Amino acid sequence: MAKQSPDLYFRIRDNGALVFRLDTENRHRRLDMEHVATVNIAKGEFKNQGDRVLTGDEEEAIGAWITARRSLLALREMEAIRTAMEQMNLAAQWAQSKATDEQLDAVTNDLLMTMHDLRSVLVRRAAERARDPNE
């Protein structure tokens, strides 16, 4: 027989999640949510809430959620970078074909500083990778 996963709900927040145990087997026949743990995604750990005791299945489910969430966030981060590259291409096309002199005056210095900063970081990181082939 397949192992049934615990009934947990993860309320996402900036640096992780709050974990709630779901209870539908109560005398009022309503859905109760008991805060049982707090997840810190950056550290990849979780802590019980107060004196709540987690079952082994719940701890396993929380660990699996942390792994899946970290994967999802990494994918989203890469997609955001790809979107930024598309936006840079669109900005170049806009500057070349549509922008007025006033619009260009309003954004040119900020864009140039942003691109200079990005280029500096990329060149430095490329040089670091060239020196240390293990990374």
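Of the peptides 105-111, 25-31, the ranking by mean beta-carbon count within 10 Å, highest at the top, reads 105-111, 25-31. Here the stretch 1-98 is assigned +1 on the Cβ of each Lys and Arg and -1 on the Cβ of each Asp and Glu. Its dipole about the Cα centre then comes out at about 340 debye. Each of K47, K98 was scored by other Cβ atoms within 10 Å of its Cβ. Arranged with the fewest first, they read K98, K47. Across the options N109, W94, A130, the greatest Cα extent toward the positive end of the charge dipole of the chain (unit charges at beta carbon of Lys, Arg, Asp, Glu) belongs to A130. Based on Cα atoms of the stretch 55-95, Rg over Rh with Rh as the Kirkwood radius reads 1.43.
Across the alpha-carbon set of the stretch 1-98, the Rg to Rh ratio works out to 1.24, Rh being the Kirkwood radius. Inter-label distance, E34 to R76: 3.0 nm, where each label sits 7 Å from its Cα along the C-beta direction.
FYI, it's all coordinate maths here, none of it is from the lab. Being a predicted model, the structure only gives us computed values, none of them experimental. Cβ atoms come from the backbone with ideal geometry, glycine included; neighbour counts cover every protein chain shown.
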